[in-house]
1. Using just the alpha carbons, could you tell me how many Å³ per residue the convex hull of segment 322-475 encloses?
2. In Å, what is the Rg of the alpha-carbon atoms in segment 163-287, and how long is Dmax?
3. In µm²/s, what is D for segment 107-216 at 4 °C and 1.567 mPa s, where D = kT/(6 pi eta Rh) by Stokes-Einstein and Rh is the Kirkwood radius from Cα pairs?
4. Any idea how far the Cα center of segment 236-308 sits from the one of segment 367-443, in Å?
5. Starting from the 7 Å offset along Cα-to-Cβ, what nm value, one decimal, do you get for the label separation of residue 157 and residue 378?
6. Of the listed peptides 486-499, 242-255, what is their order by residue-averaged count of other C-beta atoms within 10 Å, with the highest listed first?
7. Apply the Kirkwood formula to segment 1-75: the hydrodynamic radius equals the inverse of the mean of 1/r over all pairs of different alpha-carbon atoms; give it in Å with one decimal.
8. Could you put 469, 267, 504 in order, starting from the residue whose Cβ has the fewest other Cβ atoms within 10 Å?
Ligand SMILES: Cc1cc2nc3c(=O)[nH]c(=O)nc-3n(C[C@H](O)[C@H](O)[C@H](O)COP(=O)(O)OP(=O)(O)OC[C@H]3O[C@@H](n4cnc5c(N)ncnc54)[C@H](O)[C@@H]3O)c2cc1C
């Protein structure tokens, strides 16, 4: 065998798995179809003045009991990467009727929410108890199937939140606590990072998302997410790992029912060969649907293919990156994250339709990197980004000219909406770059341009999510597509778990 493990893709899941395996002395090869590492955890230099971050606004956690701490310490991440704490609160919520900033500290958040919604005092306190209990139970439930088997009948007694909320949605969670729709809308402000419909998004996932942010706040990686990826690349190389960039894996070789290698092609014109390389273990950081539909060939994988193709894929996001020649913090903006709901939205039930409706009314989030030392822009300038729930269908079938024209039109519309909200910014945006769901498909090969893997529905979340181990012997997954899911914390955990599972075999 050429390698102990071959990892397809260098997104966060692939890099974390690679770092752990090389640290434990394994011979590892990572193959990436792009010329740079990171997948979404990557940056693009637009000009001498501006660099944009493709896949990070804010990383949750880094509080005392955050499970990521163990991973970061083991992989020297705190030595290689600097984290910048975001100090402007959780987010500012604005919908014309309400305009306030929710603190990222639980006590202060409760106090403020009670001040803004006095009729809901009891429910607000109960809500925080519920989301904390869900988070505690989910973190404490044993991961091993053996232990789960033993405690199985006692789960409702030991971890009562899990059966109580397991089949429920974020919408159910809000409806069962609150009457005031503006309160629900405010607390659902960052829903687009997890799902496009509160009534399809798992209650457990959104509860954990909120609870962890109220415990540890959020951080940004100084210099952008590419620093995180390059930090891990450095670590892997120092521990003997090898990288191949600009190479697309086209097949996972399976012999006698066991994965034992990959075939890949180079993106370089001069190399037309199909290369074959062997490994004891194959780890796909590449999207699971790609593995099922393209990389695993032949009839014998039909059942797995059918199982995967039945699952719902997560939504995508449209990003309009903005270069400011005067940082918004100097013009009076005080929030890192501003959630803007269209005033026509008066109920949580309207959110899903809003995400599919006119861009002129679609809810958006504005992130202002001038509130922190992001190191993404030259002195006296800064970067911002508008994010909107979006779908590949809105961009997929367009010709090159139509695509360019639509990107321009939509970008100008959102810039105008931002100017209306923050009139002092007018004239200070001197650069923009649009990343659509189509950009994301082209750049990472994720179906639909999703960044979450499979949608976070109750049936596809928590213990119900696809696991690291595939049905093919010696083939594993480490990405947003598998347990626990998408986003930094979850993908880091997926890569970490996968490596530990693989180490038992190597
Ligand atoms: C705009 C945006 C903002 C975000 N903000 C946040 C945030 O603030 N906080 C947060 O926690 N999360 C955020 N996320 C989500 C987070 O970035 C992703 O969930 C995470 O990076 C996914 O990592 P992954 O390991 O699953 O792999 P991916 O990033 O999907 O990478 C997969 C890699 O595999 C490679 N690949 C695929 N197929 C092949 C093949 N056949 N051969 C070789 N290579 C292949 C791809 O090129 C890619 O490099 C954001 C995402 C986006 C898009």
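Values quoted throughout were computed directly from the atomic coordinates according to the rules given, and no laboratory measurement underlies them. For clarity, every value in this text was computed on a predicted model and none was experimentally measured. Cβ sites come from the backbone with ideal geometry, for glycine too, and all protein chains shown count toward neighbours.
1. With only Cα atoms used, segment 322-475 gives 179 Å³ per residue.
2. Cα-based Rg and Dmax for segment 163-287 come out at 22.4, 64 Å.
3. 88
4. Computed from Cα coordinates, the inter-centre distance equals 34 Å.
5. 6.8
6. 486-499, 242-255
7. Evaluated on segment 1-75, it is 14.4 Å.
8. 504, 267, 469
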